[in-house]
Amino acid sequence: MTDTVESAAPSAPAAAPRTLAPSPRRLRAGLRWALLGLGLVIVAQYVADAPGISASSTWGSALRLTVPIAVVAIGGLYSERAGIINVGLEGMMIGGTWVAGVFGWMWGPWAALAGGVVGGLVFGIVMAVLCIEMGLNQLVVGVAINVIAAALARFMSDIVFNGVDGGTIARSPRIDGSLPVISVPFLSGGLGTPDLTRTMEGSGLPVISQIGGIVGGLTHDVSLAAVIGLLLIPATAYVLWRTKFGLRWRAAGEQPAALQALGGRVHRTRYIAVLVGSGLAGFAGGYLALMSQAYVENQTAGRGFIGLATLIFGNWMPSGVFLGSSLFGFSDAVGLGRPETFRALLFILAVVFVIVGALRIWRGRRRSGIAPLALGGVLVLVFLFVPLPTELATAAPYLVTLAVLVVAGTTMRPPAALGALFPRKNSRS
């Protein structure tokens, strides 16, 4: 069945290379963009007088804030690659935070992560039954999950947490303990070795100090939960392109009728994908609860919606999800810093958008190049002439989400059968 479905796959619009190893051309392009990014960070630090843009504290926060966005986006990837639109990611994260608060309060940090998965699965089962079994509108169900999850979390908090020592209607008692943290040996002092990056950051030397701050923030005291979350990205890529389930998973979102005709079970594949995806969204909620060491009302702060935007921006690919979530996590970390750090981020985005727009126009893609070029020009004018209020920095991840979607919107290609109902009477499972 695997070979037969694969032979049918090239006719699908979403045919993609099966290898996980990037081509030399992609590696060179990635290296060029990485060097450009490093150069822009260094230049922005001096242009905007924002030393925080390359500080280890900023990049450490960026890593911690990237993980929940990346994991919830990967959860959405599982659902949408199988053909089920999942706008209920925010609600699944809320469910994950609440159950993580209960489990963590009672049994500790590892139980909090497990509880997050359980909380997400509860709403995943609801979505699977309503959308796959009963054929209800997937967008309506997703919106309903978001609304119900928030209301249910507050209602249950009043019953479980209110009146308990350390708990209120808006907060669970404290989660005692934390997961182990990891530092890289010989870079960030792991295993008792010298902390090279801290020495580099404190040297004050141009380029050297910036590299030390960036690398140190990404490699010093990284939570094991963050490592697990980041490893889910290559694991998902492997499942998607190298396993039989990944083949059926993609076929369910591209050509479900062909999958059924060749012996596959569309409904079962979609069930598994939705449940796995909801569990990952709940894991992201559990991670947030661990960061706060408690369930706190509204602690998701729209990250489920940002994860959905990341999924779209990443063109429903694990690598795109990683890049998008990294950008949004960094923007979130910048929002926690001083206003000049936000101005430095505007400068970086302005230059990147101008370069992307110019490259698209130069390659003959005029229509797709106008939006980033115009947006980059606007950001340059804002950076040069508009005084920014301090409060605007806290909205950085949301503004970046909107800007990136404007730039990427012309190149998006969702799975062909995304949102299409596949009636039970036409399926063998």
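A compact table of results
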| quantity | calculated |
| --- | --- |
| Residue list for region 28-41, filter: open to solvent by less than 40 Å² (accessible area, probe 1.4 Å), at pLDDT below 90 and either among the aliphatic types (A, V, I, L, M) or touching a Ser or Thr at 6+ places or on another chain (Cβ under 8 Å) (or both) | Ala29 |
| Residue in region 134-157 that is touching a strand residue (DSSP E or B) at 6+ places or on another chain (Cβ under 9 Å) and of a type in the set (Val, Ile, Thr) present | no |
| Val400 vs. criteria in contact with a helix residue (DSSP H, G or I) (Cβ under 7 Å, 6 or more places away or on another chain) and in a helix (DSSP H, G or I) | yes |
| Within region 56-164, helices (runs of 4 or more DSSP H) holding 1 or more residues that are without any contact (Cβ under 8 Å) to a residue 60 or more places away in the chain and open to solvent by less than 10 Å² (accessible area, probe 1.4 Å) | 138-160 |
| Some residue of region 403-410 being at pLDDT below 85 and assigned to a loop (DSSP other than H, G, I, E, B) | no |
| Those residues of region 255-311 which are of a type in the set (Val, Ile, Thr), open to solvent by 30 Å² or more (accessible area, probe 1.4 Å) and within 23 Å of Gly167 (Cβ to Cβ), in sequence order | Val296 |
| Unmet criterion (only one of (1) farther than 28 Å from Gly337 by Cβ; (2) assigned to a helix (DSSP H, G or I); (3) at pLDDT below 85) for Ala393 | (1) |
| Helices (runs of 4 or more DSSP H) completely within region 303-369 that count 2 or more residues being at pLDDT below 90 and closer than 21 Å to Leu392 by Cβ | 318-335, 339-362 |
| Residue selected from region 42-55 under the condition under 26 Å from Asp221 (Cα atoms) and not in a helix (DSSP H, G or I), by the criterion most open to solvent (accessible area, probe 1.4 Å) | Ala55 |
| Residues located in region 219-229, provided they are outside any helix (DSSP H, G or I) and under 19 Å from the mean Cα position of the chain (by Cα) | Val222, Ser223 |
| In region 165-175, residue nearest to Val296 (Cα to Cα) [restricted to those that are in a loop (DSSP other than H, G, I, E, B) and in contact with an Asp or Glu (Cβ under 9 Å, 6 or more places away or on another chain)] | Ala170 |
| Scope region 176-218; condition of a type outside the set (D, E, K, R), open to solvent by less than 70 Å² (accessible area, probe 1.4 Å), in contact with a His (Cβ under 9 Å, 6 or more places away or on another chain) and outside any helix (DSSP H, G or I); matching residues | Ser183, Val184, Leu187, Ser188, Gly189 |
| Counted residues, region 312-336 - those being small (Gly, Ala, Ser) and surrounded by fewer than 21 Cβ atoms within 10 Å (Cβ to Cβ) | 3 |
| Single match in Thr401, Thr390, Thr394 (criterion: out of contact with any strand residue (DSSP E or B) (no Cβ under 8 Å at 6 or more places or on another chain) and open to solvent by less than 30 Å² (accessible area, probe 1.4 Å)) | Thr401 |
| Failed item in (1) open to solvent by less than 10 Å² (accessible area, probe 1.4 Å); (2) more than 19 Å from Glu90 (Cβ to Cβ); (3) β-branched (Val, Ile, Thr), with Val351 passing the rest | (1) |
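The rows are residues; the columns are (1) closer than 21 Å to Thr66 by Cβ; (2) at pLDDT below 90; (3) touching a Cys at 6+ places or on another chain (Cβ under 9 Å).
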residue: Leu196; (1), (2), (3): no, no, no
residue: Gly204; (1), (2), (3): no, yes, no
residue: Gly212; (1), (2), (3): yes, no, no
residue: Val227; (1), (2), (3): yes, no, no
residue: Leu230; (1), (2), (3): yes, no, no
residue: Trp249; (1), (2), (3): no, no, no
residue: Glu254; (1), (2), (3): no, no, no
residue: Ser278; (1), (2), (3): yes, no, no
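The values are calculated or read from the model by the stated rules, or taken from the named source; none is laboratory data. Quick caveat, the model's predicted, so the values are computed rather than measured. Positions of Cβ are generated from backbone atoms using ideal geometry, with glycine treated the same way; all protein chains shown enter the neighbour counts. Only protein heavy atoms, including side chains, enter the accessible area calculation; ligands, DNA and RNA are left aside. Shrake-Rupley method; radii C 1.70, N 1.55, O 1.52, S 1.80 Å.
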